[in-house]
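Where a number appears in this text, it was derived from the coordinates with a stated rule and is not lab data. Just so it is clear, the structure is predicted and the values come from calculations on it, not from any experiment. Don't worry about glycine lacking a Cβ; one is built from the backbone with ideal geometry, like all the others, and counts go over all protein chains shown.
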Amino acid sequence: MLAMALALATTGGGYLLVLAVIVPVIGMLLSLVVGGRHAERIAFALMPAGLGLALAIAIEVWVTGQPLVYILGGWPPPLGIALRADGFSAVMLVTAALVIAAAGYFARGGFATPPGVAEKRAPLAFWTLLQGLWAALAVVFLGGDLFNLYVALELLTFAAVPLVCLDGRPETLAAALRYLLFALFGSVLYLLGAALLYGTYGTLDIVLLADRTAAEPLVAPAVGFAAGLMTAGLLAKTALFPLHLWLPPAHANAPPPASAVLSALVVKASFFLIVRLWFDVMPGLASAAVTTLLAALGAAAILFGSVLALRQARLKLLIAYSTVAQIGYLFLMFPLAIGGHPWSAEAWSGGVMQTLSHAFAKAAMFLAAGVVYEQLGHDRIAELRGIGRAMPMAIFAFGLGGLSLMGLPPSGGFAAKWLLMQASVESGQWAWAVVMLVGGLLAGGYVYRVVAPALDRATVALKAPASRRREAVALALALGAVLLGFAPPEFFDLLQIGRPVAMAALR
């Protein structure tokens with residue numbers, strides 16, 4: 001089959017995939033060697049290179065209309081390991097590079113080591129972990145082997161968990177420990193499922209597994225059990241309701257740049273693998289019962305997370321529970337996008353667009369909340385009256401991010417939810433459209449709780465003048481979430497490259 005041959009051979013431009021992984025790894029190792037004073041400089045020197053590589057990969061995928069492949073060492077699977085980038089991988093790489101660069105630029109105020117100041121452990125840890133997290137994300141988005149994806153997930157966990165408790169406060173240590181326990185629980189389930197798949201088929205390469213699961217339906221029960229274990233483990237890492245208990249304290253107590261990266265990117269990595277598992281590895285096992293269950297959990301997350309966000313007294317906790325709700329939208333694509341139905345492409349594009357728009361919007365909101373906390377010394381919503389006059393860009397960034405979360409035009413969140421609602425209506429699955437409408441109204445409620453009093457004419461006393469540079473970083477990310485709503489048709493064509501059904505003609 002032509003598709004199989006393409007997937008098991010290095011393509012032109014495939015070397016870009018290796019560079020996308022190597023660049024942050026080099027930065028992480030250099031940071032460990034030279035120390036905290038230079039770690040920041042190394043990170044900032046390599047961030048443009050990482051972004052350039054991500055853009056080059058996306059352009060190459062778009063121009064060729066085919067996924068990029070690189071076979072490590074020249075040994076094709078199942079003996080060797082492949083790196084692959086399709087449309088979804090490419091846009092996630094670009095998103096990761098942009099969000100990490102923005103978080104790093106924002107973090108200069110809190111994790112810099114100026115000349116003449118003694119080095120501290122926190123800056124070295126932050127810049128090293130940030131680059132390690134970036135490397136792990138690159139492997140997750142490009143990996144083509146389920147075991148190596150497990151290794152990448154573990155690297156991601158052990159880079160993300162320390163970011164939660166960099167300040168060493170008891171509440172952050174407790175939040176990080178809870179995060180670690182959920183993540184390790186998820187890892188055990190994922191690894192057990194991968195072991196079952198390997199024992200059944202003798203390979204963990206995604207392309208080979210997809211071919212063998214389709215050709216050997218008699219072993220479906222064992223494969224279904226393995227898929228269930230792996231999905232449960234990944235759901236725990238994604239913090240989908242009711243496995244969300246670790247997320248609010250972890251995201252709300254982490255430093256603002258860490259919260260932005262955790263919410264925008266880290267939880268998306270495990271979701272990305274759930275998509276790979278059900279869309280690429282075993283789409284034939286994605287029965288109506290399975291996809292409906294995932295969507296039902298997503299719907300529960302939307303409603304439950306939104307209601308809890310409305311009840312929060314702290315701004316960062318409100319944003320964290322909003323993340324619980326917005327993650328739920330991602331899972332509404334499963335009963336709509338799997339299969340070769342006329343509405344499947346819309347649902348796929350809607351799910352990917354929701355992943356991207358949420359990343360930019362939520363990163364912007366956490367950074368804006370970080371500016372507010374820094375200048376006020378607290379983030380209690382009841383005491384934010386008049387803060388919009390003192391920090392206009394921060395509140396504007398928060399409001400634009402909220403606009404996308406509500407799904408109002410012309411934001412990327414609107415484009416995502418509109419596509420998902422169209423697919424829901426066309427497929428006759430109206431329940432998901434109703435949930436999205438209710439979720440949008442609830443999102444409007446908790447965004448209004450913050451923005452309305454912030455725009456009051458009251459005078460607020462700041463501890464220090466607001467950092468316009470850091471406000472501008474949050475605003476730039478929020479504008480990114482809005483500008484996604486203006487994406488041209490060619491962008492949605494890019495998202496379809498590599499989608500199993502879209503590539504069926506090559507088989």
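Peptide packing: for 364-377, 144-157, 56-69, the average count of neighbouring Cβ atoms within 10 Å per residue gives the ranking 364-377, 144-157, 56-69, highest mean first. In the list [x] -0.52, -0.64, -1.11; [y] -0.34, -0.45, -1.05; [z] -0.60, -0.73, -1.08, the label attached to log10 I(q)/I(0) by the Debye sum over Cα atoms at q = 0.07, 0.08, 0.12 Å⁻¹ as derived from the coordinates here is [y].
Give the relative contact order (percent, whole number) for the stretch 300-507; include only Cα pairs under 8 Å separated by 6+ residues.
Working: 361 pairs, mean separation 61.7, N = 208.
Dividing the mean separation by the residue count of the stretch 300-507 yields 30 percent.
Phi-derived couplings, Karplus 6.51 cos²θ - 1.76 cosθ + 1.60 at θ = phi - 60°, listed residue by residue for the stretch 132-145: x, 5, 5, 4, 5, 4, 4, 5, 4, 6, 10, x, x, 10 Hz, with x used for Gly and Pro. Taking a straight Cα-Cα cut-off under 18 Å and skipping sequence neighbours fewer than 8 places away in the same chain, the lysines within cross-link reach of residue 268 are 237, 362, 417. One Cα centroid belongs to the stretch 434-462, the other to the stretch 469-497; the line between them spans 22 Å. Under a straight-distance cross-link criterion of Cα-Cα below 24 Å, which lysines are reachable from residue 463, leaving out those fewer than 8 residues away in the same chain? Hits, sequence-local ones excluded: 316. The spacing between the stretch 117-147 and the stretch 335-388, judged by their C-alpha centroids, is 23 Å. Once the Cβ-Cβ distance between residue 169 and residue 437 is put in as r, and R0 is 41 Å, what FRET efficiency do you end up with, to the nearest 0.05? Using R0 = 41 Å, I get an efficiency of 0.55.
The value of relative contact order for the stretch 1-144, using C-alpha pairs under 8 Å at least six residues apart, is 36 percent. In the chain, helices alone account for a calculated mean residue ellipticity at 222 nm of -24000 deg cm²/dmol, with every DSSP H run of four or more residues adding -39,500 (n - 2.57). Using 0.36 nm per residue and subtracting the Cα-Cα separation, the extra length available between residue 455 and residue 15 on full extension is 153.3 nm. Axis angle, to the nearest 10 degrees, between helix 412-426 and the longest C-alpha principal axis of the chain: 40 degrees. Against the chain, whose longest principal axis is taken from its Cα atoms, helix 315-330 shows a tilt of about 20°.
By the count of other C-beta atoms within 10 Å, a proxy for reagent exposure, 200, 172, 355 are ordered fewest to most as 200, 172, 355.
At full extension, residue 307 and residue 426 could sit 40.0 nm farther apart than now, given 0.36 nm per residue minus the alpha carbon distance. Modelled spin-label separation between residue 112 and residue 192, with each label point placed 7 Å from Cα along the Cα-to-Cβ direction: 5.0 nm. Its relative contact order, with pairs defined as Cα atoms under 8 Å and 6+ residues apart, puts the chain at 15 percent.
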